[in-house]
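Reading through the structure tokens given below for one structure.
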Amino acid sequence: MGTPRPRPLPGDAVVQAYARAGAGVALEPKPHRSLFDFQRVRAVAVGASATITFAVNARSLLLVATSGDRVAAPGEYALSFELGDGATSEAMEVKLVGPQLVVEPFPSVA
């Protein structure tokens with residue numbers, strides 16, 4: 001994605017990558033959205049842009065169940081990429097297929 005530098009001074013830009021589970025995701029409760037990655041681009045000149053790449057995989061979409069387990073829950077997810085001011089620069093939809101799966105069980109107290 002491109003990171004435009006709209007501000008009047010050169011500087012760094014931080015792009016945050018969020019995932020939001022759609023209505024078809026069965027796991028409840030769902031978070032409003034989850035930060036799954038971020039990247040900083042250094043020294044972006046005024047009026048310039050920089051290109052960055054995010055790797056999105058099933059781990060990017062893990063949700064936390066009420067038990068504390070991290071779960072891969074099938075369904076549609078909305079991805080958004082933001083420049084820290086709350087405005088979405090890019091957005092896309094992805095779909096996770098397969099059975100619901102506990103990827104990281106919450107540690108039990110022994």
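Here are the numbers for the structure shown:
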| item | result |
| --- | --- |
| Strands (runs of 3 or more DSSP E) wholly inside segment 33-92 containing at least 1 residues that are in contact with a Ser or Thr (Cβ under 7 Å, 6 or more places away or on another chain) | 34-44, 49-51, 75-82 |
| Residue check, A45 surrounded by 12 or more Cβ atoms within 10 Å (Cβ to Cβ), farther than 30 Å from P105 by Cβ and out of contact with any Asp or Glu (no Cβ under 7 Å at 6 or more places or on another chain) | no |
| Some residue of segment 96-110 being within 18 Å of Q16 (Cβ to Cβ) and either out of contact with any Asp or Glu (no Cβ under 6 Å at 6 or more places or on another chain) or exposed (fewer than 15 other Cβ atoms within 10 Å of the Cβ) (or both) | no |
| Pairs where the first residue, in segment 91-110, is closer than 18 Å to R70 by Cα and the second is among the hydrophobic types (A, V, I, L, M, F, W, C) and assigned to a strand (DSSP E or B), C-beta under 6 Å, 6+ apart | L101/A72; V102/V71; V103/A72 |
| Segment 19-31 residues that are of a type in the set (K, R), paired with ones that are assigned to a strand (DSSP E or B) (beta carbon under 6 Å, 6 or more apart) | R20/A78; K30/A21 |
| Residues of segment 51-66 classified as β-branched (V, I, T) and surrounded by 11 or more Cβ atoms within 10 Å (Cβ to Cβ), total | 3 |
| Qualifying residue in segment 49-61 (condition: of a type outside the set (A, V, I, L, M), in contact with a Pro (Cβ under 8 Å, 6 or more places away or on another chain) and closer than 17 Å to H32 by Cα) | no |
| Number of the exception - K30 against (1) modelled with pLDDT of 95 or more; (2) surrounded by 14 or more Cβ atoms within 10 Å (Cβ to Cβ) | (1) |
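Here is a yes/no grid of residues against (1) over 30 Å from S108 (Cα atoms); (2) touching a strand residue (DSSP E or B) at 6+ places or on another chain (Cβ under 6 Å):
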{"residue": "Q16", "(1), (2)": "yes, yes"}
{"residue": "H32", "(1), (2)": "no, no"}
{"residue": "T51", "(1), (2)": "yes, yes"}
{"residue": "S67", "(1), (2)": "no, no"}
{"residue": "A72", "(1), (2)": "no, yes"}
{"residue": "G75", "(1), (2)": "no, no"}
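So that you can scan it fast, the table gives a plain yes or no per residue for (1) in contact with a helix residue (DSSP H, G or I) (Cβ under 9 Å, 6 or more places away or on another chain); (2) exposed (fewer than 15 other Cβ atoms within 10 Å of the Cβ); (3) touching a residue at least 60 places away in the same chain (Cβ under 8 Å):
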residue	(1), (2), (3)
G68	no, yes, no
V71	no, no, no
F81	no, no, yes
S89	no, no, yes
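The values are calculated or read from the model by the stated rules, or taken from the named source; none is laboratory data. These numbers were taken from a predicted model, which means no experiment stands behind them. Heads up, the Cβs are rebuilt from the backbone with ideal geometry, glycines too, and the neighbour counts pull from every protein chain shown.
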